[in-house]
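Every number in this text was worked out from the coordinates using simple rules, so none of it is lab data. This one's a predicted model, so the numbers in the text were calculated from it and none came from an experiment. Reconstructed Cβ throughout: ideal geometry from the backbone, glycine too, with neighbour counts over all protein chains shown.
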Ligand SMILES: [Mg+2]
């Protein structure tokens, strides 16, 4: 059954294990043992106090980050099967620095070849990137993102929070639906 005409999906910590890859780089740089599942603050300073000004975004743009970066379990398989079974296309929407977006587009091309459209919002901010995807018309679609701000401002028909870590300062105020793994997405199409 085709309940939604399009699937809109965030990249970092929705499609990929970005916080884990970030922590791996940080741990190597500072000889630490940070567990990414304990990070609850948007700037990661609760677990990574050594971070220098601008370093968080630098790590998200570095070679090692993309080399370590894993796709979340079943993310590819679920989206691929919805595309081939119901003909519902996926659009990836992500915000990053110019360097991050450049590497991200290569990563998406090689890991998600069935995705025909990606919207990358590049910003030259050095610290906190603006979280706003509301100018993208998601009418009639389902939108999955790990950041509540992105969901709250969207006009998608259905909005679902992807929860990688519970009770963080970027998801604790979301009162709508949550999924914790990609296989849960099937319930919206059955
Ligand atoms: Mg994200």
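For the chain, the relative contact order is 28 percent, taking Cα pairs closer than 8 Å that sit 6 or more residues apart in sequence and dividing their mean separation by the residue count.
As a proxy for reagent exposure, ranking 108, 93, 119 by other Cβ atoms within 10 Å from fewest up yields 119, 108, 93. The angle between the Cα long axis of helix 18-30 and the longest principal axis of the Cα atoms of the chain comes to about 10 degrees, rounded to the nearest 10.
Against the chain, whose longest principal axis comes from its Cα atoms, helix 98-111 is set at around 50 degrees.
Could you give the length gained by full extension between residue 188 and residue 35, i.e. 0.36 nm per residue of separation minus their alpha carbon distance, to one decimal place?
51.9 nm
Per-residue ellipticity at 222 nm, computed for the chain from helices alone with -39500 (n - 2.57) per DSSP H run of at least four residues, works out to -8500 deg cm²/dmol. Normalising by residue count, region 78-127 has a Cα convex hull of 70 Å³ per residue.
Sorted fewest first by neighbouring Cβ atoms within 10 angstrom, 101, 48 come out as 101, 48. Rounded, prolate or oblate: which fits region 57-149 when a ≥ b ≥ c are the square roots of the eigenvalues of the alpha-carbon gyration tensor, with rounded for a/c under 1.5 and prolate only if a/b beats b/c? Taking the square roots of the gyration eigenvalues as a ≥ b ≥ c, region 57-149 is oblate. Compared with the dominant principal axis of the Cα atoms in the chain, helix 75-86 is inclined by about 10°.
Just how many % of Cα pairs in region 19-68 lie over 18 Å apart, if you round to the nearest whole percent? That tail contains 17 percent of the Cα-Cα pairs. Length gained on full extension, residue 114 to residue 167: 15.8 nm, using 0.36 nm per residue less the C-alpha separation.
Ranking of 135, 66 by neighbouring Cβ atoms within 10 Å, starting from the fewest: 135, 66.
Comparing the chain with the 2.2 N^0.38 Å rule of thumb, its C-alpha radius of gyration ratio is 1.00 (two decimals). Between residue 178 and residue 45, the simple spin-label model (points 7 angstrom out along Cα→Cβ) gives 2.5 nm.
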